[in-house]
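Input: a single structure, listed below in structure tokens.
Quick note: the coordinates plus some simple rules give every number you see, no bench work behind them. Note that the coordinates shown come from a computational prediction; the quantities given were computed from them, not determined experimentally. When we count neighbours, we look across all protein chains shown, and the Cβ atoms used for this are built from the backbone with ideal geometry, even at glycine.
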Amino acid sequence: MLTPALAGLAIFFVYPLVANVYYSFTRYNLLQAPEWIGFRNYTYLFTKDPKVVAAARNTLWLVVILVPVRIVTAMAMAGLLTRAKRAAGFWRTVFYLPALIPPVASIVAFVFLFNPGTGPVNAVLKLVGIKGPLWFNDPALAKPSLVLLGVWVMGDIMIIFLASLLDVPQEQHEAAALDGANAAQRIRYVTLPHLRPVLLFAIVIGVIDTLQYFTEAAVASSVASGRSGVSVQLNQVLGYPRDSLLTYTEWLYVRGFSNFQLGYAASLAVVLFVVTGVFLALLLRRFGAFSPDGRV
Amino acid sequence: MTARLPLAPARTGDSTMRPVGRRSVVLLWIAENALRIVLAAIFLAPIAFVLLTSFMSSSQTLTASLWPHPWDFGNYQRAFQQVPLARWFANSLMYAGLATLFMLVSSVPAAYVLAKIRLRFANLIFLAIVVAMLLPPQVTIVPLYIMWAKLGLNGTLWPLILPNLLGDAFSIFLLRQFFLTIPTEYLDAARIDGNGDFGVLARVVVPMAKPGVAAAAIFSFFHAWNDYFGPLVYASENAQNWPVAYGLAMFRGSHGTDWGTTMAVTMLVAAPIVVVFFFAQRTFVEGITLTGVKG
């Protein structure tokens, strides 16, 4: 009964992981046979590639800003919702709803909402006398605009915090209150320690997810550039505006699947694997819960 | 939620230790609810604006007005004329439907074995599944792309559908977490009644873990419906084979960006997901909290 799944792991996971390392030492464009070139892909990657530094920097920016902002908002919202005695299900649904919307739909919606000329956000800002910025069309604001999107869809993390907050034994709060702890102290000494495992989990999963950040950035560039369309090649618009949204995985896509430098793309994938692997190891070590006998 | 209210003795203790005036309780209640209402309005506003814009004529979307006048219901129809939208929906249904069906056939038995049967290397297999589930798809995309190119299936969605026949790591993980909660005594009883592994699985495990199987099916369906990277890599060259989420990313009116029709398509892509969610909300939330990971 396990055989098909084992075959699946071998064919679609173990084999490509190993083959990827092999391809990373070759030059390969699908047409000619792979040509062994030693470490040349890696030398090029670390010393000459004109955009890999910008791409890695953008991804790192998102990891450092997007992940904590999303987690803090999700925690605050979960806190606000646990205190809702009535209609808890209603509030939970309202704040979770955006997370449910397909990512392509929500990012297309955001580029529309924040479009500088006629978008509702700048229209509302104008009503109160503020001249709205260029958002997704401004290299300095494109990534912060993606953070706003990330906050809007924080419901996926909020749900996990909510479940954990509702598990905090009420008796501990009461005991702390009897000992004279005020609300802030109760949060610090009762709630937060209880949330710690979930928090760590959210951070590591958030980092791993953000290291592969692709869809929202690619679609934002494509729609905001005004050059999306059935006939437009994605590699012409990725990164718009001015490479500010070019993420590491987008660069891998451009090299591998627009330029068909599959060997080079494999070397970019190896580097991604090593970086992700560090966080994955952290997660697996910290959470014995991922072991066969435990539960998350 | 009522079960979580403080017990009566504690409540008296609370009020003697820290006397809180009736008025400040009321004020706090008002402040918290006001905050919730304002935030809810902000969170729902984007959806409202998208919906309203989908009813605006293309000339009106180029103005700053936020309310449709007159209401133009033609965008939904026009979108179907401008791009092969019906075809894209059919592709999405095929991709998501077959992927989910194949996933269930292969992953339910695998999860059962991992949850309930002692076997050698179980730890190693489980570790591989967790790592496969969490690693970015870009890490293995190059060799997989080359493999499907050699099989002549690039340009279609089959490279995204067929692997589900051999199990999906995330689904196996999710299902296993559900199966672990079934007491082993039930399985033993079914075995004594003469059931083999498949009998136990079909007669005991699946019926008892129905919410888990439903959650795995929903996640798998959503994952395929929402997928952008997969269709981009395998099917971008062939617009006839695009799923609708990918088509939306490429959508554009016939004369430059037309926000009215674009928002209509956006609503159409999101609608099926939201409808399924409202029918299966509890199952869905349980799935997220049990694994901590969204499909």
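If the segment from A:TYR42 to A:ASP179 were pulled out straight at 0.36 nm per residue, it would be longer than the present Cα-Cα gap by 43.3 nm.
Quick check of the Kirkwood formula: for segment A:100-194, what is the inverse mean of 1/r over all pairs of different Cα atoms, in Å?
Result for segment A:100-194, one decimal place: 16.6 Å.
Taking the charge dipole of chain A about its Cα centre, with +1 at Lys and Arg Cβ atoms and -1 at Asp and Glu Cβ atoms, the residue from A:THR247, A:TRP135, A:SER164 reaching farthest to the positive side is A:TRP135.
Inter-chain neighbour count for B:127-134: the average number of beta-carbon atoms from partner chains within 10 Å of each residue's beta-carbon is 6. Inter-label distance, B:ASN238 to A:THR93: 4.1 nm, where each label sits 7 Å from its Cα along the C-beta direction. For the peptide B:143-150, the mean number of other protein chain Cβ atoms found within 10 angstrom of a residue's Cβ is 5. Screening chain A for DSSP H helices whose Cα atoms reach 24 Å or more along their own axis and whose mean Kyte hydropathy is at least 1.6 gives A:52-82, A:192-211, A:262-286. Which value does Rg/Rh take for segment A:1-129 over its C-alpha atoms, Rh per Kirkwood? My calculation puts Rg/Rh at 1.15. For segment B:78-291, the fraction of C-alpha pairs more than 20 angstrom apart is 64%. Each of B:LEU93 and B:PHE279 was given a label point 7 Å from its Cα along the Cα-to-Cβ line. The distance between the two points is 1.3 nm. Convex hull volume of the C-alpha atoms in segment B:159-232, normalised per residue: 84 Å³. Here is the tail figure for segment B:178-269: Cα pairs spaced more than 21 Å apart come to 57 percent of all pairs. Annotation: amide H of A:THR26 within the under-5 Å range of A:ILE37, sequence separation 5 or more or interchain, hydrogens built in the peptide plane. Where is the GNM fluctuation largest for chain A (alpha-carbon springs, 10 angstrom cutoff): A:ALA109, A:ALA177, A:ALA74? Comparing A:ALA109, A:ALA177, A:ALA74 in a Gaussian network model of chain A, the most mobile one is A:ALA177. Given the options B:GLY21, B:GLY155, B:GLY230, which has the most mean-square fluctuation in a GNM of chain B, springs set between C-alpha atoms less than 10 angstrom apart? For chain B, modelled as a Gaussian network with Cα springs under 10 Å, the answer is B:GLY21.
Rounded to 0.05, the FRET efficiency of the A:GLN236 and A:VAL64 pair, given R0 = 35 Å and the Cβ-Cβ distance, is 0.75.
Between the listed residues B:THR289, B:GLY230, A:VAL18, the Cα displaced farthest toward the positive end of the dipole of the protein assembly as shown, a dipole computed from Cβ unit charges relative to the Cα centre, is found at B:THR289.
Taking a straight Cα-Cα cut-off under 27 Å and skipping sequence neighbours fewer than 8 places away in the same chain, the lysines within cross-link reach of A:LYS131 are A:LYS143.
Site pair A:ARG196 and B:VAL105 shows an inter-label distance of 4.8 nm when each label is modelled 7 Å from Cα along Cα→Cβ.
All Cα-Cα distances of the protein assembly as shown, cut into 10 Å bins from zero to the largest, leave 3, 15, 25, 26, 18, 9, 3, 0, 0 percent in each bin in turn.
Cα convex hull, segment B:116-241: 138 Å³ per residue, rounded to a whole number.
Given R0 = 35 Å, the distance between the Cβ atoms of B:ALA48 and A:TYR189 translates into a calculated FRET efficiency of 0.30.
Considering only B:TRP88, B:TRP148, B:TRP242, the mean-square fluctuation computed in a Gaussian network model of chain B, springs between alpha carbons under 10 angstrom, is largest for B:TRP148.
Rg and Dmax over the alpha-carbon atoms of segment B:37-138 stand at 23.7, 69 Å.
Once the convex hull of all Cα atoms in chain A is built, its volume per residue stands at 202 Å³.
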